[in-house]
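What follows is a single structure, written as structure tokens, with notes after it.
Bear in mind these aren't lab numbers, they're just calculated from the coordinates by the rules spelled out. All of these numbers come straight from a predicted model, not from anything done at the bench. Cβ atoms come from the backbone with ideal geometry, glycine included; neighbour counts cover every protein chain shown.
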């Protein structure tokens, strides 16, 4: 069982490395990439245990409403927001990220087909 979880964590971390600066992805979208949209909580757990936040950009993961994590493990939600703003993401007045504008999948050409 641990081997499978380790493998899933590695898949999450590798996928996150493909998200460019200025883009975000949701927990559910990562879970869907892994083949099971119901694994969103497991994705969050893996991100909380990120072994290398400098090269695995877990700050680019938001919830399905575009909100930063209230439990961001690397300095709190203000630190996550600050990192995203440094990458050019502008937050809405309600504090969320516009997923249509900044979402990784929404901005890819194959998402339009």
Quiz item: Based on the inverse mean of 1/r over its pairs of different Cα atoms, what is the Kirkwood hydrodynamic radius of the chain, in Å?
Solution: 14.2
Quiz item: Can you give the angle from 0 to 90° between the axis of helix 2-16 and the longest principal axis of the chain, with both taken from C-alpha atoms, to the nearest 10?
Solution: 30
Quiz item: For 69, 64, what's the fewest-to-most ordering of other Cβ within 10 Å of each Cβ?
Solution: 64, 69
Quiz item: Helix 76-86 versus the longest principal axis of the chain: what angle, 0 to 90°, nearest 10, using Cα atoms?
Solution: 60
Exercise. Rounded to the nearest Å, what's the spacing between the alpha carbon centres of segment 31-54 and segment 68-106? Just the number, please.
Key: 17
Quiz item: Under the rule of -39500 (n - 2.57) per DSSP H run of 4 or more residues, summed and divided by the residues of the chain, what mean residue ellipticity at 222 nm is obtained, to the nearest 500 deg cm²/dmol?
Solution: -11500 deg cm²/dmol
